[in-house]
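Here's the structure we're looking at; comments come further down.
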Amino acid sequence: VQLQASGGGLVQAGDSLKLSCAASGRIVSRYTMGWFRQVPGKEREFVAAIRSGSGHTYYSDSVKGRFTISRDVAANTVDLQTNSLKPEDTAVYYCAAGSPILSALRQTSGYNYWGQGTKVTVSS
C-alpha cells in the first residue's frame, strides 16, 4: 500500500486549499481513510476520516464546518477540502488508511498505512 499526499502550500488566513491523497491499489474502497496533522513537538492529531463501505464522515471539533473529506473510489483518491484556514491549521498533513473500530477512528493507532505528508502553512 502506498499513499501519496499533495496539495499543501503557503496561504493566508481565510484562504482554501485542497489536499489530495492518491492511493495504490483498491485502497479507498477497502479501508477507512483518514487525515491527520502534526506540528513540531506535538503528537499527530486527527483531522477527518471517511469510513469504508458506508462513507460516513467524521471530523475533529477544530475543523468541523470548515473542512470536508471526500473520496473517489474509481480514482482511488481521498481529498480534504480546507476552507477558512486559520494560522492554527498550520501543520504537516498526512493521509492514512486502516480498519479502525469506531472508538479508534480518531487515533493514529487505528491506521496501518501512512503517506509522507504535505505541509500547510497559514499566515495571519
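The values are calculated or read from the model by the stated rules, or taken from the named source; none is laboratory data. Keep in mind that this is a model prediction, so the values were computed, not measured. Neighbour counts are summed over all protein chains in view; Cβ atoms, including those assigned to glycine, are modelled from backbone coordinates with ideal geometry. Heavy atoms of the whole protein, side chains included, go into the accessibility calculation; ligands, DNA and RNA do not. Shrake-Rupley method; radii C 1.70, N 1.55, O 1.52, S 1.80 Å.
Summary table
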read-out	value
Residue satisfying condition, being touching an Asp or Glu at 6+ places or on another chain (Cβ under 9 Å) and touching a residue at least 12 places away in the same chain (Cβ under 8 Å), within set Ser16, Ser20	Ser20
Phe36 being in contact with an Asp or Glu (Cβ under 9 Å, 6 or more places away or on another chain), among the hydrophobic types (A, V, I, L, M, F, W, C) and within 19 Å of Gly110 (Cβ to Cβ)	yes
In the stretch 44-62, the residues that are open to solvent by 50 Å² or more (accessible area, probe 1.4 Å) and under 15 Å from Trp114 (Cα atoms)	Arg44, Glu45
Residues that are at negative phi and in a loop (DSSP other than H, G, I, E, B), drawn from the stretch 98-121	Ser99, Pro100, Ile101, Leu105, Arg106, Gln107, Tyr111, Asn112, Gly115, Gln116
Matching residues, the stretch 66-113, being more than 16 Å from Ser24 (Cα to Cα), at pLDDT 95 or above and among the small types (Gly, Ala, Ser)	Ser70, Ser84, Ala91, Ser109, Gly110
Residue among Leu17, Leu3 that alone is touching a helix residue (DSSP H, G or I) at 6+ places or on another chain (Cβ under 8 Å) and under 14 Å from Thr118 (Cβ atoms)	Leu3
The stretch 13-43, residues that are of a type in the set (D, E, K, R), within 14 Å of Val78 (Cα to Cα) and exposed (fewer than 15 other Cβ atoms within 10 Å of the Cβ)	Lys18, Arg26
Failed item, numbered, when Ser6 is tested on (1) open to solvent by 40 Å² or more (accessible area, probe 1.4 Å); (2) among the polar types (S, T, N, Q); (3) over 11 Å from the mean Cα position of the chain (by Cα)	(3)
Residue that is nearest to Leu10 (Cα to Cα), among those in the stretch 67-124 that are touching a Pro at 6+ places or on another chain (Cβ under 8 Å) and crowded, with 19+ Cβ neighbours inside 10 Å	Val122
